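Working notes for the structure below.
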Amino acid sequence: MRDGFNTERGRRVWAIMTVAVMATSAIVGAAETLRIVPAVHADQVIVSFEVADAYADDVRDAISSGLRTTFSYDVELRMIVRGWVDRTIATAVIGTSDQYDNLTRRHRLVRTIDGRVAESVVTEDEAVVKQWLTTLSRLPLCETSKLDANRDYYVRISAHVPHRTSLLGWTSAVIGLTKFTFVP
């Protein structure tokens, strides 16, 4: 009876470890596709980023079918605090969506920042659509007056890409971060 317990327990531990390794490898692989570039310009912290392989065939197919497709990005600027929870300085939620009209063959692109429409474009060019959905340039995140001089910070972005699932069938996010030191 004791051997059966150890075997069953061993199988459970093995299954849990396998799931953990698969989830970790999916996150590590995803982090390589997100490129983040923070910068300081004119008393503002600005962020540019790109999700390199997010515009895949399944996304293209969903768009061409007329299905509204939305990419969402959670952007956080955090200060590194040794031995404690990192302090959040600023956040932004960006949504980029595409509504393709099969009759006119035009894409209606909308970008929202924190729930407000920031830009809207109508195009027929698929290259514009790809760039619009997967790239953001020069997002003003916060004023430098909120930062302490000579401190370490990082920008963390969680990109929620449609039609991307993990090995277990859960929707997944591409997560990346880039560290920098603020020197005024």
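Here the residues Tyr73, Tyr154, ranked from fewest to most Cβ neighbours within 10 Å of their Cβ, fall in the order Tyr154, Tyr73. Amide H contacts under 5 Å for Arg151: Phe182, restricted to partners 5 or more places along the chain or on a different chain, H placed in the peptide plane at 1.01 Å from N. Since only Leu136, Thr112, Leu147 are under comparison, the one whose Cα sits farthest along the positive direction of the charge dipole of the range 33-182, derived from C-beta charges on Lys, Arg, Asp and Glu, is Leu147.
Overall shape of the range 33-182 was characterised from the C-alpha gyration tensor. The equivalent ellipsoid obtained from it has semi-axes of 31, 18, 11 Å, in decreasing order. Karplus-based coupling profile of the range 58-71, in residue order and whole Hz: 5, 5, 4, 5, 5, 5, 5, 7, x, 6, 5, 10, 10, 9, with θ = phi - 60° in 6.51 cos²θ - 1.76 cosθ + 1.60 and x standing for Gly or Pro. Subtracting the Cα-Cα distance of Arg68 and Glu119 from their residue separation scaled by 0.36 nm leaves 16.7 nm. Report the local net charge at Tyr153: Lys and Arg +1, Asp and Glu -1, summed over other residues whose C-beta lies under 14 Å from its C-beta. Neighbour charge sum, excluding Tyr153 itself: +2. This model, with +1 at the C-beta of Lys and Arg and -1 at the C-beta of Asp and Glu, gives the range 33-182 a dipole about its Cα centre of some 320 debye. Within the shell defined by Cβ-Cβ distances under 13 Å, the residues around Ile80 carry a net charge of +2, with Lys and Arg each +1 and Asp and Glu each -1.
Read the figures in this text as sums done on the coordinates, not as results from a lab. Computed from a prediction, not measured in an experiment: that's the story for all the values here. Don't worry about glycine lacking a Cβ; one is built from the backbone with ideal geometry, like all the others, and counts go over all protein chains shown.
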